[in-house]
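One structure is given here, and the rest of the page talks about it.
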Amino acid sequence: MKWSEDADRALKKVPFFVRKKVKKKVEDFVKQKKKNLVELSDVNELKKKFLSKGGMEKVIKGYEIATCFGGDGCPNLANPGTMLAKDIEKIFEKENILLFLKENVKEDLKFHHEFRVALSDCPNACSRPQIVDIGIIGAVLPGIFDEACTLCSTCVDACNENAVTLDEDKERPVIDHGLCLMCARCIRACPTGTIREKEKGFRVMLGGRLGRHPRLAMEVSGLFSHNEVLQIIKKCLKFYKKKSKQGQRFSHILSSVDQIMGDR
Ligand code: SF4
Ligand code: SF4
Ligand code: SF4
């Protein structure tokens, strides 16, 4: 959607960490008016609505699912989470998180009460999955296959984590999975197919937040399939609904991933 110059200037004054969210809210608001240009008057009108008593509550959905731009052709894309995001949204709608918040929070609902999920299609993590309640990263586990290795070193150069070395005697690459972030760069780089995709899935991290007491999310070890991620999310919401009182954030009631994954 197009933005007029003065509307765009107003958007640039919004703190960077909420700018994307504000941009989406304004564009949704303008779409409802059947317009395709955002003007300063639209920005000001929405701002006024937000600041009026109970104004923010009217646009609170109870949860937010942020995604990166990997699906739009990003060359770094490892595993796209587009379909996963849609299925996660269905779970949140079914669980009616908004009603849960309305019943539990005594004050007007604000954005900070919302349950936040972020999906990134590669470990570059542009949608910042480390600082939300549930973070998901598209990932590819590299494997070493029978095709002859020419010892060209392209895979070594491609890996920013120094996770690939070459065994010159055996003429084979070696991957240190303790260092590997599953970004797929070495797979894309290898011209012979010696390093190829072994498994595709998602990394999952839980309990991150910003605010007064920020914390990075804790990673659940492993690589998870689409359906396994959905199961983890269902467990997280069950735990959240059971333990959260008066709008406590998921990250404040979760001290270890074992509280969610204990019975796996
Ligand atoms: S997280 Fe990765 S795939 Fe997504 S936009 Fe950023 S670099 Fe591209
Ligand atoms: S997948 Fe990425 S991090 Fe892992 S070895 Fe390959 S290039 Fe390195
Ligand atoms: S694994 Fe592939 S990229 Fe790496 S050295 Fe061998 S042929 Fe080159």
For the range 212-264: of the residues being part of a loop (DSSP other than H, G, I, E, B) and polar (S, T, N, Q), which is least open to solvent (accessible area, probe 1.4 Å)? S244
Suppose the filter is in the same structural domain as K90 (by TED's automatic domain parsing) and away from ligand 2 (no atom under 16 Å from the Cβ); does K200 pass it? no
I'd like to know if the range 71-79 contains one or more residues that are within 21 Å of the chain's Cα centre (by Cα), closer than 30 Å to A189 by Cβ, surrounded by fewer than 12 Cβ atoms within 10 Å (Cβ to Cβ) and modelled with pLDDT of 90 or more. yes
List the residue pairs whose Cβ atoms are under 7 Å apart, where the first residue sits in the range 75-87 and is farther than 15 Å from F224 by Cα, the second is in a loop (DSSP other than H, G, I, E, B) and charged (D, E, K, R), and the two are 6 or more positions apart or on different chains. L77/D121
In the range 182-219, the residues that are under 11 Å from A78 (Cα atoms) and of a type in the set (A, V, I, L, M): M182, A184, I187
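Identify all residues within the range 196-214 that are in contact (Cβ under 8 Å) with a residue 60 or more places away in the chain and either away from ligand 1 (no atom under 16 Å from the Cβ) or among the polar types (S, T, N, Q) (or both); write none if there are none.
L206, G207, R209, L210, G211, P214
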Options A163, A125, A158, A139; residue that is farther than 22 Å from C68 by Cβ, within 14 Å of ligand 2 (Cβ to nearest atom) and open to solvent by less than 20 Å² (accessible area, probe 1.4 Å): A163
Considering (1) at pLDDT 90 or above; (2) more than 24 Å from M83 (Cα to Cα); (3) of a type in the set (S, T, Y), say which one S52 fails and leave the rest. (1)
Name the helices (runs of 4 or more DSSP H) wholly within the range 94-195 that hold at least 3 residues that are away from ligand 1 (no atom under 16 Å from the Cβ)? 97-104, 154-158
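The values are calculated or read from the model by the stated rules, or taken from the named source; none is laboratory data. Keep in mind the model is a prediction, meaning the values are calculated, not measured. Heads up, the Cβs are rebuilt from the backbone with ideal geometry, glycines too, and the neighbour counts pull from every protein chain shown. Just so you know, the surface numbers come from the protein's heavy atoms only, side chains and all, with ligands and any DNA or RNA stripped out. Shrake-Rupley method; radii C 1.70, N 1.55, O 1.52, S 1.80 Å.
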